[in-house]
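Shown next, in structure tokens, is the structure this report addresses.
The values are calculated or read from the model by the stated rules, or taken from the named source; none is laboratory data. No experiment lies behind these values; they were computed from the predicted model shown. All Cβ positions, glycine included, derive from the backbone under ideal geometry; neighbour counts span all protein chains shown. Ligands, DNA and RNA are stripped out before the accessible areas are found, and what is left, the full protein with its side chains, is counted by its heavy atoms. Shrake-Rupley method; radii C 1.70, N 1.55, O 1.52, S 1.80 Å.
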Amino acid sequence: MHGIASGICGIAVHPKETILAIAGAEGFVLLWDYRKKGDYIKNFDVYKKESFTAIEFTPDGLEILVASTLNGEIKVMDSTTGFFKKLNTPPRTSDGRGHPVKQLIVTWDGNYFAVSDTNKAVCLFKKETDPNKPAEWKFTGKILSHEVEVTSIAFGRGLDEQGQDMHRLFSIGKDRRVFEYNVYESTQEKLLV
């Protein structure tokens, strides 16, 4: 990549097209076709007040989730226009004392996303859908399960007792401890281990 003056904080691969979304530390998001290897398809370079730390496409490719260093907020961007969606309650990792997000992941079906931050926290968000309203991301729970830095988080796919797909969320820290979180019974007060 040439012509980028600031640091790159993350990339995400479009799930259906040959497009990379590249997030910059100075608040930009670039879309680039990695097959054609030419100039950027789109340069969403209008967010100079922010610094991004993580980026990920939703499985349908219509939205890009971008973690901002401002108050631990996760912004939802329309991948075709570059505009942030106006949400009733923007997803945040905390209320005003945000720690920068290190990693952001989305489930295979796009119903959940999770983040880990620099404060050793893991947070879970669920997509709330109503046919009469635009979808919203709801904060589901947060926990400081590790005593040291969280190294990575990952969603898994499992089966419940009836053989139905279920979401599984894991984290591992620098202490080499692995935690699994209860995606379905967690509350806003606590992400259950």
Can you give me the number of residues within segment 56-85 that are assigned to a strand (DSSP E or B) and either open to solvent by 70 Å² or more (accessible area, probe 1.4 Å) or closer than 12 Å to V106 by Cα (or both)? 6
Among all residue pairs at least 6 apart or on different chains, which show Cβ distances below 6 Å where the first residue, located in segment 155-182, is closer than 16 Å to T140 by Cα and open to solvent by less than 70 Å² (accessible area, probe 1.4 Å) and the second is assigned to a loop (DSSP other than H, G, I, E, B) and of a type in the set (S, T, Y)? F155/T107; H167/T107
Hey, does segment 128-147 have a residue that's under 22 Å from D109 (Cα atoms) and in contact (Cβ under 8 Å) with a residue 60 or more places away in the chain? yes
So for segment 8-24 (the condition being open to solvent by 40 Å² or more (accessible area, probe 1.4 Å), modelled with pLDDT under 90 and within 18 Å of the chain's Cα centre (by Cα)), does at least one residue qualify? yes
Criterion: charged (D, E, K, R), open to solvent by 50 Å² or more (accessible area, probe 1.4 Å) and in a loop (DSSP other than H, G, I, E, B) - qualifying residue of K138, K102, K120: K120
